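Undergrad: Okay, handing you the structure first.
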Amino acid sequence: MFLSKQAQLEAWLENARKNPLFYGAKAKFEWQAGKNPDGDIWNTIMQFRPSGLRVKKPTYFPALVAITQTSIVGSLRRRISPREAARLQSFPDDFITHPDDRKAYKQFGNAVNAKLAELFAAHLMGKSGRVKEILSH
């Protein structure tokens, strides 16, 4: 994929380097999606981070972070909503999110998924029955 777009990407990079805001970590691009059979970035999960753009496979969701760089679900062509972030952290649907989305994203990025912590604890304590019960919900 890169080779077929190399000339276009190099022209864009040459132009981008003229922008004074395009430097250091901001200019980083992390492709962590492995081989993308379609060669299409819209088949990934994207995350704009202070370190640059991170692109991952859509088979799992990257960790939520306590900053407003919320992940973009490529196939939906939008960011996740605060409600979706709450669900990823196992908050019930009746949980009232902060009215300021930026603050809500920060809160969910700082949260610990209680169900996941329970799963790890059961596994570490050798309670395989409890692990199976947790995984079945």
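Laboratory data are not the source of any read-out in this text; all were calculated from the coordinates shown. Computed from a predicted structure; not experimentally measured. Positions of Cβ are generated from backbone atoms using ideal geometry, with glycine treated the same way; all protein chains shown enter the neighbour counts.
Undergrad: Taking neighbour counts of Cβ atoms within 10 Å as a proxy for exposure, in what order, fewest first, do Trp12, Trp42 appear?
TA: Working: Trp12 11, Trp42 14.
Taking fewest neighbouring Cβ atoms as first place, the list is Trp12, Trp42.
Undergrad: Set the Förster distance to 30 Å, then compute FRET efficiency between Asn43 and Met125 from the Cβ-Cβ distance, nearest 0.05.
TA: On the way: r = 39 Å, r/R0 = 1.31.
After rounding to 0.05, the efficiency reads 0.15.
Undergrad: What does the highest-first list of 102-110, 116-124 look like by mean Cβ count within 10 Å?
TA: Numbers: 102-110: 17.7, 116-124: 13.2.
So the order, starting with the most tightly packed, is 102-110, 116-124.
Undergrad: Round to the nearest 0.05 the FRET efficiency obtained for Asn19 and Arg83 when R0 = 30 Å and r is the Cβ-Cβ distance. Let's see the in-between values first.
TA: Working: r = 35 Å, r/R0 = 1.18.
Here the calculated transfer efficiency is 0.25.
Undergrad: Can you give the FRET efficiency to the nearest 0.05 for Gln6 and Phe61, using r as the Cβ-Cβ distance and R₀ = 22 Å? Present the calculation step by step, with values, prior to reporting the outcome.
TA: Values: r = 31 Å, r/R0 = 1.39.
So the FRET efficiency works out to roughly 0.10.
Undergrad: Something else now. Rg and Dmax of the stretch 81-137, Cα atoms, in Å?
TA: My reading of the Cα-based Rg and Dmax gives 13.7, 41 Å.
Undergrad: Based only on other Cβ atoms within 10 Å, what is the fewest-to-most ordering of Asp94, Asp101, Asp40?
TA: Details: Asp94 5, Asp101 15, Asp40 11.
The order, fewest Cβ neighbours first, is Asp94, Asp40, Asp101.
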